[in-house]
Amino acid sequence: MWIAVFSDVHGNVPALRRVIEDARRRGVHTFVHLGDLENGEAHEILASLPARSVIGNWEVSSWRRLASRWQQAVQEWAFTFQEGPALFCHASPVWPSSVRTLEDAARYVEEKGSWFALFPDLNNDEDARWDAFAELARRGCRIAFHGHTHVQKAWVLTADNRMRPVTQQEFTLEQAPALYLVGVGSVGRPMDGSGICYALWNPETAQVILRRLEVG
């Protein structure tokens, strides 16, 4: 029961098609999209899968640039959601309860004076990672998948309360209470080298595969 998890397409339709083709060759039929999709053609493809989606910072700032049908679709996306032992989010599983709509999110960012108030960089902000792990523990989850950083990188919080990066591209979750944060990377604009990045997650076997496809 593999699930393909991808993020940060940023309108790169050929790269999105590559991810879908690669996942389907592996027998995947379930897709999760973690925000920052952009253009209408990408929305057409997303709707045809179908995929469950979360809102990214691009959607918060620019959703009115989309055609009206896609504006309505984006407004129905979640900011975070939980499925089994996993949380799915754009930047962090930590989310203020007062932010329920795109307008709420834009107001919150304006009031705080920074996008990082809602969308922290888990790759570079250690405090935000600790907060994210605390949110996982609070919700009784074992793993969170996120995008936003455009970097494919995973972290584990071990039973002895030590945080360290996961160096393997394929790994199985350690037994609880170990917790994981997985940055799935970017489909359309990777910032950690060449390649089209996404992740595969198997909730039955607790396995993660970080995929990087060649461009072209």
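The values are calculated or read from the model by the stated rules, or taken from the named source; none is laboratory data. Since we're looking at a predicted model, the values are computed, not measured. Glycine gets a Cβ as well: all are built from the backbone with ideal geometry, and neighbour counts include every protein chain shown.
The set of residues in the stretch 202-216 that are out of contact with any strand residue (DSSP E or B) (no Cβ under 8 Å at 6 or more places or on another chain) and either in a strand (DSSP E or B) or of a type outside the set (D, E, K, R) (or both) contains only GLY216.
Of the residues making up the stretch 47-64, those that are under 21 Å from PRO14 (Cα atoms), buried (at least 20 other Cβ atoms within 10 Å of the Cβ) and in contact with a helix residue (DSSP H, G or I) (Cβ under 8 Å, 6 or more places away or on another chain) number 2. Among the residues making up the stretch 2-58, a single one is touching a residue at least 40 places away in the same chain (Cβ under 8 Å), touching a Phe, Trp or Tyr at 6+ places or on another chain (Cβ under 7 Å) and polar (S, T, N, Q): ASN57.
From the set of residues in the stretch 1-26 that are part of a loop (DSSP other than H, G, I, E, B) and either at pLDDT below 95 or of a type in the set (A, V, I, L, M) (or both), which is farthest from GLU41 (Cα to Cα)?
Among those that are part of a loop (DSSP other than H, G, I, E, B) and either at pLDDT below 95 or of a type in the set (A, V, I, L, M) (or both), it is MET1.
Among the listed residues ALA91, ALA144, ALA67, which satisfies the condition of being surrounded by fewer than 19 Cβ atoms within 10 Å (Cβ to Cβ), of a type in the set (Gly, Ala, Ser) and either in contact (Cβ under 8 Å) with a residue 24 or more places away in the chain or within 25 Å of GLY11 (Cα to Cα) (or both)?
ALA67
Among the residues of the stretch 74-88, those identified as more than 25 Å from PRO177 (Cβ to Cβ) and buried (at least 17 other Cβ atoms within 10 Å of the Cβ) are VAL74, TRP77, PHE79.
With respect to (1) touching a residue at least 60 places away in the same chain (Cβ under 8 Å); (2) surrounded by 15 or more Cβ atoms within 10 Å (Cβ to Cβ); (3) not in a strand (DSSP E or B), the lone exception for ALA199 is condition (3). None of ALA144, ALA128, ALA154 is more than 23 Å from ARG211 (Cα to Cα), among the small types (Gly, Ala, Ser), modelled with pLDDT of 95 or more and outside any loop (DSSP other than H, G, I, E, B) except ALA128.
Table: residues versus (1) of a type in the set (Phe, Trp, Tyr); (2) touching a Ser or Thr at 6+ places or on another chain (Cβ under 8 Å); (3) farther than 17 Å from HIS150 by Cα.
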{"site": "ILE3", "(1), (2), (3)": "no, yes, yes"}
{"site": "ASP8", "(1), (2), (3)": "no, yes, no"}
{"site": "GLY11", "(1), (2), (3)": "no, no, no"}
{"site": "GLU21", "(1), (2), (3)": "no, no, yes"}
{"site": "ARG26", "(1), (2), (3)": "no, no, yes"}
{"site": "HIS33", "(1), (2), (3)": "no, yes, no"}
{"site": "HIS43", "(1), (2), (3)": "no, no, yes"}
{"site": "LEU46", "(1), (2), (3)": "no, yes, yes"}
{"site": "ALA51", "(1), (2), (3)": "no, no, yes"}
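Out of ASP36, ASP22, report the one residue that is of a type in the set (D, E, K, R), within 18 Å of TRP201 (Cβ to Cβ) and surrounded by 16 or more Cβ atoms within 10 Å (Cβ to Cβ).
ASP22
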